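The values are calculated or read from the model by the stated rules, or taken from the named source; none is laboratory data. What you are looking at is a predicted structure, and each value in this text was computed from that prediction instead of being measured. In this analysis, Cβ positions are derived from the backbone assuming ideal geometry, glycine residues included, and neighbour counts consider all displayed protein chains. Remember, those area values only see protein heavy atoms, side chains included, never the ligands or the DNA or RNA. Shrake-Rupley method; radii C 1.70, N 1.55, O 1.52, S 1.80 Å.
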Amino acid sequence: QVHLRQSGGGLVQAGGSLRLSCVASGYIFSTKTMAWYRQPPRKQRELVAVIDSGGTTTYVDSVKGRFTISRDNAKNTVYLQMNSLKPEDTAVYYCNVPFPDVDYWGQGTQVTVSS
């Protein structure tokens, strides 16, 4: 079955960097679009970045120029490099793979940015 295992995250000061990783299994990784979402405290989950099977990326406006989504198909892994972090980036981050009938999610990773 599909499984997404996340790593990375933690506590960082404003202006710092973190990298999140998400290792996928249970399907042909290279053929699927992957995404990162986040859920700030007391807010709804929001889409942060997407990378399709061809490597095309899109970002929410608030992270453009600071975050980079990438994938390594040989390692079945998608990454989210986060630079110039701001306190408002504080959230639980989730990797995601959408299928026609269901979305699969990683376990979530806390990212806390102190001011």
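Looking at the chain, the strands (runs of 3 or more DSSP E) lying wholly inside it that each contain 2 or more residues that are open to solvent by less than 20 Å² (accessible area, probe 1.4 Å), free of Cβ contacts under 8 Å to residues at least 60 places away in the same chain and not small (G, A, S) sit at 46-51, 67-72, 77-82. Would you confirm whether any residue within the stretch 67-77 is within 14 Å of Y94 (Cα to Cα) and not polar (S, T, N, Q)? Scanning the stretch 67-77 turns up at least one residue that is within 14 Å of Y94 (Cα to Cα) and not polar (S, T, N, Q).
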